[in-house]
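Each remark here refers to the structure printed beneath this line.
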Amino acid sequence: MTKRVTYLDNAATTPVRPEVLEAMLPYLGKEAFGNPSSPHRFGRAARAGIEEAKRTVAEALGAEPNQVIFTSGGTEADNLAIIGAALAARDRGGPFRVAVSAIEHKATLAAAHAVKHLGGEEIILPVTASGLVADGALDAALARGVALVSVMWVNNEVGTIQPVARIAARCCDAGVLFHSDAVQAFGKIPVSLRGVNCTLLTISGHKIGAPKGIGALIVRDRKAVEAIIHGGGQQFGIRPGTENVPGIVGLGTAARLAVEEQQALAARLGALREELERRLLAIVPDAVINGWQGERAPHISNVSIPGTDSEALLMHLDLAGIACSSGSACSTGAVEPSHVLTAMSVPRELGVAALRFSFGKDSTSEDVEAVAQVMPKIVEKVRSLSAVLHR
């Protein structure tokens, strides 16, 4: 009998939804495979798919279709927003300087560092123990003058929800562009640009049931960013290159479904997360839920198990048929605690013992039960081994 596998790493990636695959298939076949820049019928069919997806994504996010710029994913979108905004500001004679929070995804942090490498400056905004950006640090950065502030809507490791509308309003009052990485927020909590002074917004397809390799940057002011890829002038020259038509169509379908299902999904995933944390704290009373002090997205739980290390826990969980992670999937294999937990002042011994469980559309109470069943023996085994090794 095949052992049941429990997948609780949806913050890393999600399976492609059947509805998304069905929408993509015509654009992989002989009728709509054309280059969307070509004027013949094959190109027109491909272009029509792109335009429909633009309208769908724009409606889902409270934007306009001509503000949707498709990218290869969240990493490219973050880079385009941050480096592109800094370059545009420099060209206008403005500050060649960006400010990003200390708990951003590595794509954002690396983009800010790239601005520094190009001769600009980066400001890293500290956060509180709950992961919220410190108000005083933001005020100081705005007073100093920056081209852009970037703060993620929902943190990918602990699920902290930032007060994006308030931060965006403060940036607007200071005449500073605001970007938010909404990759983990979209589809899990309400995300809309209606009434939010956010000029640039990132989403990624593979977090919401679309394929890997497709994402989008909402650009509400084309003068706000300078292109960082150069080519044939597609997408207003902001992101040139022949478009990934099947991926774009898939993203459109996934975005529509994400908005339609968000409220019900959030309620169900929030209940699963609460049950998982209740069960884990009953099994390991000294466990710590990271980020519990603030408002969190419903699909992410980050738990530290004192006296263990995450690598050993992950190995034993994987052998038991449980797939989760130790933090961001983009920093696997790290011996040190994640930069997110470090920025939140989580002690090192807890940081290296952290697990991230993340729920998705297909998650059920059986997944919670599976974790609860195997955790007592795994924790006991890893703690015994850690004591022997004096970790």
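The values are calculated or read from the model by the stated rules, or taken from the named source; none is laboratory data. Every value quoted in this text rests on a predicted model; they were computed, and no experiment measured them. Cβ: placed from backbone, ideal geometry, glycine included. Neighbour counts: every protein chain shown. Only protein heavy atoms, including side chains, enter the accessible area calculation; ligands, DNA and RNA are left aside. Shrake-Rupley method; radii C 1.70, N 1.55, O 1.52, S 1.80 Å.
The DSSP beta bridges internal to the chain are antiparallel in roughly 55% of cases. Only lysines eight or more places from K223 in sequence, or on another chain, were considered; none has a Cα closer than 17 Å. Ligands, DNA and RNA are left out, and with a 1.4 angstrom probe the accessible area of the chain is 42 Å² per residue. Mind checking segment 27-112 for trypsin sites (Lys or Arg not before Pro) that DSSP puts in a loop (not H, G, I, E or B) and that have at most 12 other Cβ atoms within 10 Å? Qualifying residues, ordered by number: K30, R92. Going toward the positive end of the dipole of the chain, with +1 on Lys and Arg Cβ and -1 on Asp and Glu Cβ, which of A112, L138, A63 do you reach last? Looking along the dipole axis, the top candidate is A63. Overall, the chain carries a charge dipole of about 540 debye about its Cα centre when +1 sits on the Cβ of Lys and Arg and -1 on the Cβ of Asp and Glu, all other atoms neutral.
Note on the chain: with neighbouring protein chains present and a 1.4 Å probe, carbon and sulfur make up 56 percent of its accessible heavy-atom surface. Quick one, which of [x] 0.97; [y] 1.01; [z] 1.15 is the actual Cα Rg over 2.2 N^0.38 Å calculated for this model? Here the calculated entry is [y].
Under 27 Å of direct C-alpha separation, and excluding same-chain neighbours fewer than eight residues apart, K30 reaches these lysines: K54, K212.
Quick one: Cα centre-to-centre distance for segment 103-165 and segment 6-74, in angstrom? Centre-to-centre distance over Cα atoms comes out at 30 Å. Mean residue ellipticity at 222 nm, helices only, the chain: -13500 deg cm²/dmol; runs of at least 4 DSSP H residues each add -39,500 (n - 2.57), and the sum is divided by the number of residues. Please work out whether segment 167-228 counts as rounded, prolate or oblate from its C-alpha gyration tensor, where a ≥ b ≥ c are the square roots of the eigenvalues and a/c under 1.5 means rounded, while otherwise a/b larger than b/c means prolate and anything else oblate? Oblate is the answer for segment 167-228, as a/c is 1.5 or above yet b/c matches or exceeds a/b. Each residue of segment 187-203 was assigned a 3J(HN,Hα) from its phi angle through the Karplus expression (A = 6.51, B = -1.76, C = 1.60, θ = phi - 60°), giving x, 10, 10, x, 10, 8, 8, 5, x, 10, 7, 10, 7, 10, 9, 9, 9 Hz with x at Gly and Pro. For segment 279-377, the set of GluC sites (Glu not before Pro) satisfying both a DSSP loop assignment and a count of at most 12 other C-beta atoms within 10 Å is empty. What lysines could a cross-link reach from K116, if we take a straight Cα to Cα line under 16 Å and drop same-chain neighbours fewer than 8 places away? Candidates past the 8-residue exclusion: K106.
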